[in-house]
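The values are calculated or read from the model by the stated rules, or taken from the named source; none is laboratory data. Model, not experiment: these values are computed from the prediction. Cβ: placed from backbone, ideal geometry, glycine included. Neighbour counts: every protein chain shown.
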Amino acid sequence: WQLKLRLFAVFWMTAFFPAFAVFLMARLKLIESMLLRTQKDRIIPFFVSMFFYWWMYYLSRNFTDQPIVLKFFYFGIFISTAVGVFLNNYMKISLHGIGAGGAVAAMILFAFYYQLNLGLAISITVMLAGLIS
């Protein structure tokens, strides 16, 4: 039961709240479109997402039943979003590309930390990340 509640909380923090913030900004005309086509439209959603990713990492530090790798992953999501905010000032970057890069990093992190042979899974993830970006 607690695991389901924790997964639900992770979904809310990392997916629902950032998406809902974009929806609200579009309805309030703070951004031109929910598709975030321009660099200017992406600034506030980046910061909102970055806040929720940091909050998820901050909360996960106290989860004793959670693998340490997941805590590193949450921190990595936060850092990649922060880098995305910085790069967004100079060029239009792919938000999906950041997410796909996070998936590749997660696979590599799990493989090294748990000493698993995930070569095929990493290769597939890299290929999918290339298709997405």
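Suppose we filter segment 84-125 for residues that are closer than 17 Å to Phe73 by Cα and among the β-branched types (Val, Ile, Thr); how many remain?
Matching residues across segment 84-125 total 5.
For segment 49-61, state whether one or more residues are buried (at least 17 other Cβ atoms within 10 Å of the Cβ), modelled with pLDDT of 90 or more and out of contact with any Ser or Thr (no Cβ under 7 Å at 6 or more places or on another chain).
The answer is yes, given that some residue of segment 49-61 is buried (at least 17 other Cβ atoms within 10 Å of the Cβ), modelled with pLDDT of 90 or more and out of contact with any Ser or Thr (no Cβ under 7 Å at 6 or more places or on another chain).
Between Phe63, Phe46, which is outside any helix (DSSP H, G or I), in contact (Cβ under 8 Å) with a residue 40 or more places away in the chain and hydrophobic (A, V, I, L, M, F, W, C)?
That would be Phe63, the only listed residue that is outside any helix (DSSP H, G or I), in contact (Cβ under 8 Å) with a residue 40 or more places away in the chain and hydrophobic (A, V, I, L, M, F, W, C).
Yes or no: Ala105 modelled with pLDDT of 90 or more, surrounded by 17 or more Cβ atoms within 10 Å (Cβ to Cβ), closer than 24 Å to Ile124 by Cα and out of contact with any Cys (no Cβ under 7 Å at 6 or more places or on another chain)?
yes
Ser123 - would you say it is surrounded by fewer than 15 Cβ atoms within 10 Å (Cβ to Cβ) and of a type in the set (Ser, Thr, Tyr)?
For Ser123, the condition - surrounded by fewer than 15 Cβ atoms within 10 Å (Cβ to Cβ) and of a type in the set (Ser, Thr, Tyr) - is met.
What pairs come out if I take residues in segment 82-101 that are farther than 28 Å from Ile124 by Cβ and pair them with residues that are charged (D, E, K, R) and part of a helix (DSSP H, G or I) whose C-beta lies under 7 Å away, six or more apart or interchain?
Asn88/Arg42
Output yes when any residue across segment 78-87 is modelled with pLDDT of 90 or more and within 21 Å of Arg6 (Cβ to Cβ), and no when none is.
Checking segment 78-87: at least one residue is modelled with pLDDT of 90 or more and within 21 Å of Arg6 (Cβ to Cβ).
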